[in-house]
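Input: a single structure, listed below in structure tokens.
Just so it is clear, none of the values below were taken in a lab; they were calculated from the coordinates. The model shown is predicted, which means the values in this text are computed figures rather than measured ones. Backbone-built Cβ (ideal geometry, glycine too); neighbour counts: all protein chains shown.
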Amino acid sequence: MVDRSKFERLNESQQRIVKFIVDNLDKEVLEQLENAIHVEYARDVSYALEHRPDVANRAKPQMHRYAVDQVFVNMFGPDALQSTEPKGEYYTIYSNGSISMSHCEAHTDEKKRPAKHRKKMAKKNEVIEPHQLRFEHFDDILDNTQKSAVKNTIHIALYILHKSKIASDATEPEGIYVAVPYSDWTDYHLFVSLQLILGMYGNEELEAMEDMAMPALKDVMIDREKDIFKR
């Protein structure tokens, strides 16, 4: 059961983003991802310790990343696996028209390094950053049809923290979070535990809020920016 105080400590725009996620992403999708990630973490560590004992600590992070890539492909089909051009950096993504979702992994004290595919996906979040929304930013990565779709889509990332750099202590993740990054990844519009999001499905307080279609979410974010620039 979600700790209501954690939700209540979010500011209004963050609560509205939670509402948008809950309204536009099936709970079952997140539950299945969470369960599969825990299974794959335990499987990776077991394999590394048995078959790669001397390099298990080094192999584990990459094994986890590829395992979660495979989880996305298993759940969402082969189209979930994509690559950037021209270098061909592979990544996985799920999209339902309102939300696109990827994943990244990091140790607790590690900040994710910039990557072309992360920047590309996070660009969608300019749609909730009205002062930044300039579609010329998309000219080199999206065609006209894709630009139109971006107007109604935000990007979230499952941010998975490794429990330990020591393989034998890392049979499960330290935590799984839902992040809505700024379009330049310098910070987050929202960074909360996956458990908080899952706990908000069916929550009466959240259901009492107005429906969070993209136009309503944009209005909330515009008002938030006006308040910020007044200070």
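Sorted ascending by nearby beta carbons within 10 Å, beginning with the fewest, 5, 95, 102, 183 become 5, 95, 183, 102. Exposure proxy shown here: for 7, 20, the number of other Cβ atoms within 10 Å sets the order, fewest to most, as 7, 20. Among residues other than residue 100 with Cβ under 11 Å from its Cβ, the summed charge is +3 (Lys and Arg +1, Asp and Glu -1). Its Cα gyration tensor gives the range 1-71 an equivalent ellipsoid. The semi-axes, each the square root of 5 times an eigenvalue, are 35, 14, 11 Å from largest down.
Going from the fewest other Cβ atoms within 10 Å to the most, the residues 69, 54, 79 appear in the order 54, 79, 69.
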